[in-house]
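Colleague: One structure follows; several queries about it will come next.
The values are calculated or read from the model by the stated rules, or taken from the named source; none is laboratory data. Here the structure is a predicted model, which is why all the values come from computation and not from measurement. We place every Cβ from the backbone using ideal geometry, glycine too, and count neighbours over all the protein chains shown.
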């Protein structure tokens, strides 16, 4: 078991972002198939059959999400969430920069499936190069008649617009993203109503991750059953893993779900640095609880296995830490990130993230108190599930797991007043 | 209807009710900060979290709709823990200086902390404090105390159709404030104070004057406009310190005039003794001598030589008293239309503010509604917020012009003509509306909009609109300049108009005048006539609170009561009666109008019946079809100027409301962007306005929406006698830099 290149099949070809290269590899034939041979409902049905789950982090079944779109006369919108801001995540960037037409084809098929004529790509502000690539790819595709008023001559109108964010992590949350897209403050909205019924401009809207949408063409091409044959019982298909940290070959690797973690860490990424031992792993982006070296033993990379170990697959951003890492500082750094990125609307998240940083600041400075650890652990009962959007829970992920699993390290630092690693 | 159980208590509520509303019905207290009954729920503070059976997470009660059979618990350890946590979080960086915070006693954070919070905090780090910001004369914002519930921001968005007030920055450093303005005085600023659950936004009039719990509350009525909003006045030691709008009557919000306007009751310059003229001075000679003097003087005149000039905001009792007094002595002449209106009240067929806020299409005509009836303007903005299509055809309405969906701005002298041509179905190119604009307006009229007509329009226009509205089944509100027009008209307290009355005074056929609480120099646009008339009046009694330009001509000054110093009834624009109670004891000789008249009448040997048994407002009936009178512009020059009293000066007893006056410190001249460019003017420049003779210094405000060639100039300033150079509201003027 090694890499299985489905999404990444094209990325190494020279000029892979160009339309001609993409077409040579059979590009946009899947869109043709969908537009001419399939009804929208059939596409949704195939995606449901495939068992594809949202690749942005939450892992919600994509086909089910699409099924929530009400049958109304209101215009419908598809949004591709390319606001890849989770620390440690850089998988979407590969698709955006190296294979933009795959993404566009996925968006076009998905838009057709849900009945949308307009789709937006909300790309994070820092991905300036990616935004330029996407824009030129859209222009190419429109000039070739693939997108636009008459997509591939089918009479179906598909218009894709790139919208650049302004650098807020919370805008990766779908309702904040919608607010930002509408030109408002990037504040998450109350749910319900969910975007599928009232999203952009109060119209039905589907928000999907880049990787999710890029997987759709393969499902259309080879069928949902084929896609479902990959992976484990509840985790189907392939997934991009962006592995970083104290390893020899960081990067983006595509694996079939259910592949042992060992394959990713040691075979593909080359293992931890020489002479060092594995200490902890954050398996799915900074919001997911960290796992110790013992806990990742025998772990397979799929939704259910990681969940059973008390963490999540998340966005597939694996952060590896060896024994040179000071967990106190890791937790402190991540807390600072969340305190900076909280939108400030709801009390638990706004105040909790600020206080977290204040306490951890003190501990890092060497002025910590033993009671502080219990106060920090108590945050879970105040913040978990009580916030307006998932950001508050995300901030708890590294904090709670870091303190419970590496408590002795915190205690040592508080007692001695300095870092002992 | 849905049946739900909260803490074992079963209640039945509407299907669309929230858990919080159901809990209120069940009598169970759920604490909240960001929820407000008249704002859209936001679910921000997370204080109202409750446990719902079958839901894994705690649920915010303010946004969650009930389901039939729902079981809610608010008394579980989980809820208690969450509440304690949220309060602890709210208090982390809160200054906790309740002993000198102005909100203490009425602070929701304080109340909820005492009730649901823990006695101690685990917070040992440094509190982040922020500087206090003064946003103009009315409000102070203390960011350190702010709990970021966004009630104020939501109010400005949902009701004011947007104002420069929003959240800036992110996370714990979110800051509420303005973007480009140094001050915020936007007609409804006071609601920000009232809506703030903590001491973050406080009123500069009330700040640090008195403790909340020492106040007793007295039900009163604001008399500034025809809505007569119910207000509660906070009273301590026979002095009012604070106004508050507690009841939803007629609407949930009030304007700054009502909130800060009670100040005149406590003003140090208020006169509380009856005065008599001795040579050049008004002096206190004792009540008895004053009454004797007045009765003796009145005895010298024939009834037709006596006339009354009445204020706006007249109570039913006062009007009845004046009527009876006039009948007692055969006096025929009285006039309430001091703004030189030529019309009498036509009334409306709208019953409440809700009807306006629920309307889908509203056609607002003429002006200046936001100035004369601010809460109606606010309700129109609320309708805009709810998605209504509001079209405004006017020459000047400072507040609404910036907020409506469609604006048709014309010259002031064309206003009546344009409205007349629209409703008579004949396009007239001289009205300043292009053919296309006219057709768009006509098409909008086909959607059967609600019509709101402002006080500037003439009688002929009013009659035509009422006629049209009744024939076509439209809703209409015809607003008068005087807020007491219904009462005054019903009691017949009008004659041929203020100008003809003043002409009579000038000519000497009216020799004695009773001027009741009106500063004629300020209110009557034809100031020259006022000066001539008052100069030749033989005998004048002035009733009021303050000494002013008109009182200077008086032979006798009688002090009046105001607001909660007397019991009175008022009739609002919807024809509804509101009552103001007497809650303040009188200190010296101040009395209401009717009580003075009673004293005078009894002195002259005739009893005056003050009891009002029944009141039913009467309205004018539409007869015939008149053409609007042409407006003849005086003066000469390239510009057409409209002279209006600005919002923060347009109220009763201006002399005693210094807080409100601070928002309008100097006369402003509004210039259209085209003229500003061609003249090289920008905001804050000073120019002098030449009105055919004298010239006046004005500060420039560039107003984008105005039509080219139109200026809007403020009047009503002390020592700034613009009116005396005019004979109407509109004139031709020149600008000199």
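Colleague: Give me the helices (runs of 4 or more DSSP H) completely within the stretch B:264-375, filtered to those with at least 1 residues that are surrounded by 19 or more Cβ atoms within 10 Å (Cβ to Cβ) and in contact with a strand residue (DSSP E or B) (Cβ under 6 Å, 6 or more places away or on another chain), ordered by residue number.
Modeller: B:287-299, B:316-329
Colleague: Here are some conditions: (1) part of a loop (DSSP other than H, G, I, E, B); (2) within 10 Å of chain A (Cβ to nearest Cβ); (3) surrounded by fewer than 18 Cβ atoms within 10 Å (Cβ to Cβ). Residue B:69 meets all but one. Which one does it not meet?
Modeller: Failed condition: (2).
Colleague: Being in the same structural domain as residue B:671 (by TED's automatic domain parsing), surrounded by fewer than 22 Cβ atoms within 10 Å (Cβ to Cβ) and more than 27 Å from the chain's Cα centre (by Cα) is the requirement here; does residue B:609 meet it?
Modeller: no
Colleague: With the requirement that a residue be in contact with a helix residue (DSSP H, G or I) (Cβ under 6 Å, 6 or more places away or on another chain) and facing another protein chain (nearest Cβ under 8 Å), what does the stretch B:47-66 give you?
Modeller: Result: B:47, B:49, B:58.
Colleague: Still on this structure, please answer the following. State which residue pairs qualify: first residue outside the structural domain of residue A:404 (by TED's automatic domain parsing) and on the phi > 0 side of the Ramachandran plot and inside the stretch A:282-296, second residue in a strand (DSSP E or B) and crowded, with 21+ Cβ neighbours inside 10 Å in any location, beta carbons under 7 Å apart, and separation of 6 or more residues or different chains.
Modeller: A:285/A:317
Colleague: Does residue A:327 satisfy being away from chain B (no Cβ under 14 Å), crowded, with 21+ Cβ neighbours inside 10 Å and farther than 26 Å from residue A:61 by Cα?
Modeller: yes
Colleague: In addition: Looking at residue B:601, is it surrounded by fewer than 23 Cβ atoms within 10 Å (Cβ to Cβ) and assigned to a loop (DSSP other than H, G, I, E, B)?
Modeller: Judged against the criteria, residue B:601 is not a match.
Colleague: Mind telling me which of the residues A:181, A:190, A:255, A:240 ends up being part of a helix (DSSP H, G or I) and in contact (Cβ under 8 Å) with a residue 12 or more places away in the chain?
Modeller: Unique residue meeting the criteria: A:181.
Colleague: Further, regarding this structure: Pick from B:471, B:528: which is under 23 Å from residue B:727 (Cα atoms) and either in a helix (DSSP H, G or I) or out of contact with any helix residue (DSSP H, G or I) (no Cβ under 7 Å at 6 or more places or on another chain) (or both)?
Modeller: Exactly one residue qualifies, and that residue is B:528.
Colleague: Going by what's in this entry, would residue A:351 be described as within 14 Å of another protein chain (Cβ to nearest Cβ), closer than 30 Å to residue A:366 by Cβ and under 19 Å from the mean Cα position of the chain (by Cα)?
Modeller: The answer is no for residue A:351.
Colleague: Right, residue B:75: away from chain A (no Cβ under 14 Å), over 24 Å from residue A:385 (Cβ atoms) and part of a loop (DSSP other than H, G, I, E, B) or not?
Modeller: It is false that residue B:75 is away from chain A (no Cβ under 14 Å), over 24 Å from residue A:385 (Cβ atoms) and part of a loop (DSSP other than H, G, I, E, B).
Colleague: In the stretch B:541-550, what count of residues is obtained for those that are crowded, with 21+ Cβ neighbours inside 10 Å and either modelled with pLDDT under 90 or within 27 Å of residue B:644 (Cβ to Cβ) (or both)?
Modeller: 5
Colleague: If you scan the stretch B:24-41, which residues turn out to be within 35 Å of the chain's Cα centre (by Cα) and away from chain A (no Cβ under 14 Å)?
Modeller: B:24, B:25, B:29, B:30, B:36, B:37, B:38
Colleague: Taking the conditions exactly as written (in contact (Cβ under 8 Å) with a residue 40 or more places away in the chain, within 14 Å of chain A (Cβ to nearest Cβ), surrounded by fewer than 21 Cβ atoms within 10 Å (Cβ to Cβ) and in contact with a helix residue (DSSP H, G or I) (Cβ under 8 Å, 6 or more places away or on another chain)), does residue B:44 satisfy them or not?
Modeller: Criteria not met by residue B:44.
Colleague: Residue by residue through the stretch A:389-411, note down the ones that are farther than 15 Å from residue A:287 by Cβ and either within 11 Å of chain B (Cβ to nearest Cβ) or surrounded by fewer than 16 Cβ atoms within 10 Å (Cβ to Cβ) (or both).
Modeller: Matches in the stretch A:389-411: A:404, A:407, A:408, A:411.
Colleague: Sticking with this structure for a sec: With the checklist (1) part of a helix (DSSP H, G or I); (2) in contact (Cβ under 8 Å) with a residue 12 or more places away in the chain; (3) within 7 Å of another protein chain (Cβ to nearest Cβ) in hand, flag the one item residue A:386 doesn't pass.
Modeller: In the conditions (1) part of a helix (DSSP H, G or I); (2) in contact (Cβ under 8 Å) with a residue 12 or more places away in the chain; (3) within 7 Å of another protein chain (Cβ to nearest Cβ), residue A:386 misses (1) alone.
Colleague: Out of (1) more than 14 Å from chain A (Cβ to nearest Cβ); (2) more than 27 Å from residue B:654 (Cβ to Cβ); (3) crowded, with 21+ Cβ neighbours inside 10 Å, the odd one out for residue B:212 is which?
Modeller: Going through (1) more than 14 Å from chain A (Cβ to nearest Cβ); (2) more than 27 Å from residue B:654 (Cβ to Cβ); (3) crowded, with 21+ Cβ neighbours inside 10 Å one by one, residue B:212 breaks only (3).
Colleague: Could you list, ordered by first residue, the pairs with Cβ atoms under 6 Å in which the first is in the stretch A:125-153 and without any contact (Cβ under 8 Å) to a residue 24 or more places away in the chain and the second is part of a loop (DSSP other than H, G, I, E, B), at least 6 apart or interchain?
Modeller: What qualifies is A:149/A:157.
Colleague: Working only within the stretch A:314-357, note down all residues that are more than 30 Å from residue B:47 (Cα to Cα) and either outside any loop (DSSP other than H, G, I, E, B) or free of Cβ contacts under 8 Å to residues at least 24 places away in the same chain (or both).
Modeller: A:317, A:318, A:319, A:320, A:321, A:322, A:327, A:328, A:329, A:330
Colleague: Could you tell me how many of the residues in the stretch B:507-537 are free of Cβ contacts under 8 Å to residues at least 40 places away in the same chain and surrounded by fewer than 23 Cβ atoms within 10 Å (Cβ to Cβ)?
Modeller: Number of matching residues: 7.
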